[in-house]
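Below is one structure, written out as structure tokens, with a few remarks after it.
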Amino acid sequence: MSFLARSSRPLLATASRAARPALPVTSVALSRAYHAKDIKPRNVGSMDKNDINVGTGLVGAPACGDVMKLQIRVDDDGIISDVKFKTFGCGSAIASSSYLTELVRGMSLDEAGKVKNTAIAKELSLPPVKLHCSMLAEDAIKSAIKDYKAKRAQHTILTSAATAAASADKAASIA
Amino acid sequence: MTAQIQGRLLQQSRWAAFYNRKFFSLFAGLYKAESTHYSLFPKTLKDGPPPTGRFAIDTRELRKEFLNLQSKNHPDLARNETEREQSEELSADINRAYSTLASTLHRANYLLELHNLSLAEDAGRTMPQDPELLTDVYDVLERIEDCVADGEAEEIQTLVDQKILDAETKVEEVFNSNDLDNAQNAVIVLRYWVNIRESLKEWEPGQVFRMIH
């Protein structure tokens, strides 16, 4: 019985690998470049978190203690023009965030907000015990988008208040 | 002859105790008092886990009792294969219990487990995170990354040690007072800082800093 159980595992794995659909050309290129053991992560770094065009997401994994910071720069058309990250954690967490930065560059905020951790996990062939690393990356981009939107909303309120105040002053001085 | 029978009875009762624990561990939530890592060390930890016992434990006494238990229960003392297997399993259990209880973080995580409050791997999603803690942790990590001087490294080490002491005090407090609502958060704080401490052990100023856990 135990013999059967043991032998069925590799069989199942082979079957699922064969059943996996062919990946689009771009992701093949990326999957060659990225691996959970990747020692050369891309887009590591920081941006000015006070910049009005930059959104910052800082997230942590309470169970393992990994910390991930992801920053996006958004251009006037609402497109993510640059992405930087710093991850203090295991190789899978670093690879997940590195891959994510390449993935979301050029996306609109809506598109980037829809990126699922399963896409990251699949691309990097993360084992089940490392799925939470890809979740952390998904949470990081969501958090960065949220931060960016909150900042813009705040900025809009402030500028419109300033404009209103200025025009009120103008009106008063004319009167 | 009598000694042999006594020995055998002792072996049997150990075996029974072992099976009891296995059995009860299936109902960990209901029967935790009967079957914890604590009950393997009746001398040092006779009061059991908090809130009956204290969270802080005498690790020197625990180590003594651990070595004593392991020498009494050494698989090489077994007279046949069955006994040997039993004693190997018990010995593995004692090892596991000791290494769990000897570390503050592992003990704290184990207590969470006893209360069915283990931190799931996606706990970052299911419970609110403390942004101040994350910023605090991140700032220290960045300081380590930028650090090239020994003096600065010592400062960081002192800071991290202090953070761990504070976190341990908090963990102790919540478990001793059975304040289960705050137990998970207290353990999370400890986890972040302990991770940094362990990673610092493998690092020198100017080197690339890698997290180890």
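The values are calculated or read from the model by the stated rules, or taken from the named source; none is laboratory data. In this text, all values refer to a predicted model and were calculated from it rather than measured experimentally. Cβ atoms come from the backbone with ideal geometry, glycine included; neighbour counts cover every protein chain shown. Heads up: the accessible areas ignore ligands, DNA and RNA and are worked out on the full protein's heavy atoms, side chains in. Shrake-Rupley method; radii C 1.70, N 1.55, O 1.52, S 1.80 Å.
Of all the numbered requirements in (1) aliphatic (A, V, I, L, M); (2) within 14 Å of chain A (Cβ to nearest Cβ); (3) surrounded by 14 or more Cβ atoms within 10 Å (Cβ to Cβ), B:I94 misses one, and that requirement is (2).
Note on segment A:46-87: residues that are out of contact with any helix residue (DSSP H, G or I) (no Cβ under 6 Å at 6 or more places or on another chain), among the small types (G, A, S) and within 14 Å of chain B (Cβ to nearest Cβ) total 1.
When residues in segment A:73-97 are screened for being within 26 Å of A:R152 (Cα to Cα) and open to solvent by less than 60 Å² (accessible area, probe 1.4 Å), 13 of them pass. For segment A:114-142, the set of residues classified as in contact (Cβ under 8 Å) with a residue 40 or more places away in the chain and charged (D, E, K, R) consists of A:E123, A:K130, A:D139, A:K142, listed by residue number. Counting only strands (runs of 3 or more DSSP E) that sit wholly inside segment A:42-89, those with at least 2 residues that are among the hydroxyl-bearing types (S, T, Y) are A:80-88.
Filtering segment A:143-156 for residues that are outside any loop (DSSP other than H, G, I, E, B), without any contact (Cβ under 8 Å) to a residue 40 or more places away in the chain, within 14 Å of chain B (Cβ to nearest Cβ) and open to solvent by 20 Å² or more (accessible area, probe 1.4 Å) leaves a non-empty set. Filtered by the rule that a residue be more than 9 Å from every other protein chain (Cβ to nearest Cβ) and either outside any loop (DSSP other than H, G, I, E, B) or at pLDDT below 95 (or both), segment B:110-129 gives B:Y110, B:L111, B:L112, B:E113, B:L114, B:T126, B:P128.
Per-residue answers, yes or no, for (1) touching a residue at least 40 places away in the same chain (Cβ under 8 Å); (2) part of a helix (DSSP H, G or I); (3) over 18 Å from the mean Cα position of the chain (by Cα); (4) more than 10 Å from chain A (Cβ to nearest Cβ):
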| site | (1), (2), (3), (4) |
| --- | --- |
| B:A167 | no, yes, no, yes |
| B:K170 | no, yes, no, yes |
| B:E173 | no, yes, no, yes |
| B:D181 | no, yes, yes, yes |
| B:V187 | yes, yes, no, no |
| B:N195 | no, yes, no, no |
| B:E202 | no, no, yes, yes |
| B:H213 | no, no, no, no |
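Looking only at segment A:88-98, which residues are in contact (Cβ under 8 Å) with a residue 24 or more places away in the chain, of a type outside the set (A, V, I, L, M) and within 12 Å of chain B (Cβ to nearest Cβ)? Within segment A:88-98, A:G89, A:C90, A:G91, A:S92 meet the criteria. If you check B:S177 against the conditions, is it more than 10 Å from chain A (Cβ to nearest Cβ) and open to solvent by 60 Å² or more (accessible area, probe 1.4 Å)? It is true that B:S177 is more than 10 Å from chain A (Cβ to nearest Cβ) and open to solvent by 60 Å² or more (accessible area, probe 1.4 Å). Scanning segment B:136-160 for residues that are exposed (fewer than 13 other Cβ atoms within 10 Å of the Cβ) and either among the hydroxyl-bearing types (S, T, Y) or under 24 Å from the mean Cα position of the chain (by Cα) (or both) returns a single hit, B:T158. Just to be sure, is B:E89 open to solvent by 70 Å² or more (accessible area, probe 1.4 Å) and within 14 Å of chain A (Cβ to nearest Cβ)? No; evaluated as a whole, the condition is false for this residue.
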